[in-house]
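Working notes, beginning with the structure itself.
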Amino acid sequence: MLRRAPWAALWIAAGLLCAAEAQYSSDQCSWRGSGLSHESHRRDVEQVYLRCSQGSLEWLYPTGAIIVNLRPNTEPSHCGLLRPPVQGSHVYVERAGDLTLLQAEEEHARGEVRCFSLAGGALFVEAVPVNDIGRRITAFQYELVADRPPSPPTKPGNFGYCKPCSDEEVLLAVCTSDFAGAGVFQGVASGTSNHSPVVVSLRRLLRQKSRVFAWSGARGRRWSGRINVPAQCGVHAGGDAYLLTGSVHFGEAWLGCAPRYKDFLQLYTTAEKAGTNPCQIDTD
């Protein structure tokens with residue numbers, strides 16, 4: 001559930017005036033710091049600036065709050081992905097002093113990837129007040145992605161989508177996705193409340209930017225791997241072959257457009273005759 005924090009503007013304004021000199025290490029992509037440097041000022045707010053499209057944050061003994069400004073020196077990004085655990089802190093999307101909850105501290109054990117809009121905002125990481133801050137670490141990975149069909153949701157929440165793709169989106173997906181191949185779903189493993197890792201076997205691998213699929217020639221000369229599939233997709237093992245496309249985040253494959261392969265072949269042949277294919281692929 002999303003929550004609003006009406007006191008956010010006052011805390012943020014006050015924190016900017018009294019931010020402490022913190023001991024931390026930082027580069028353009030990642031930040032590592034400790035709340036012990038200003039434990040006596042537990043309502044201090046510290047500004048952090050990160051300028052890469054992906055990286056991490058590690059906050060030891062969190063106290064007060066951190067504003068994480070994500071300002072990548074790359075193409076404009078419209079969606080941010082956050083991968084927990086975020087132990088010891090609440091994480092909000094901050095925009096003009098208004099906070100919208102992205103992940104509560106008690107949710108860190110779920111390990112779900114969260115998606116949030118970057119438009120004009122930042123991440124506000126608020127330490128949960130406790131008497132003993134020992135053994136508490138707030139840590140997460142982030143990745144910034146540009147919207148492209150099919151796009152993740154652009155409001156704070158769970159990452160994942162499952163919607164029919166148009167013909168144009170399918171043809172574009174096979175050309176621009178991080179991976180594309182023809183194969184079948186073999187088995188669904190237990191996952192989180194919003195997605196499950198599905199074992200797939202690909203008889204044809206058309207493209208992959210990362211090595212998320214491995215050649216299993218000794219077991220039938222196919223490519224095999226796992227794809228994270230949103231729970232609402234209702235994937236079942238066996239059955240028809242599908243064109244499997246999608247993106248790679250945090251080293252894992254996430255499903256995008258996935259029409260039946262025979263339907264894709266018919267669509268591709270028609271577009272090829274009309275000269276409207278955005279790219280050429282080997283379908284033999």
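Numerical summary
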{"quantity": "Residue that is surrounded by the most Cβ atoms within 10 Å (Cβ to Cβ) [pool: residues in segment 206-244 that are among the β-branched types (Val, Ile, Thr) and modelled with pLDDT of 90 or more]", "calculated": "Ile227"}
{"quantity": "Residue match in segment 70-79 (condition: in a strand (DSSP E or B), modelled with pLDDT under 55 and in the same structural domain as Ala139 (by TED's automatic domain parsing))", "calculated": "no"}
{"quantity": "Given (1) surrounded by fewer than 22 Cβ atoms within 10 Å (Cβ to Cβ); (2) modelled with pLDDT under 85, number of the condition Ile67 does not satisfy", "calculated": "(2)"}
{"quantity": "Residue pairs meeting the criteria (Cβ under 8 Å; at least 6 apart or on separate chains; first over 24 Å from Gln47 (Cβ atoms), in segment 94-121; second surrounded by fewer than 17 Cβ atoms within 10 Å (Cβ to Cβ) and at pLDDT 85 or above)", "calculated": "Val113/Phe250"}
{"quantity": "Count of residues meeting criterion [aromatic (Phe, Trp, Tyr) and either assigned to a loop (DSSP other than H, G, I, E, B) or at pLDDT below 60 (or both)] in segment 125-166", "calculated": "2"}
{"quantity": "Residue, surrounded by the fewest Cβ atoms within 10 Å (Cβ to Cβ), within segment 245-282, restricted to residues that are among the polar types (S, T, N, Q) and out of contact with any helix residue (DSSP H, G or I) (no Cβ under 6 Å at 6 or more places or on another chain)", "calculated": "Gln280"}
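The values are calculated or read from the model by the stated rules, or taken from the named source; none is laboratory data. No experiment lies behind these values; they were computed from the predicted model shown. Glycine also receives a Cβ, built like all others from the backbone with ideal geometry; neighbour counts cover every protein chain displayed.
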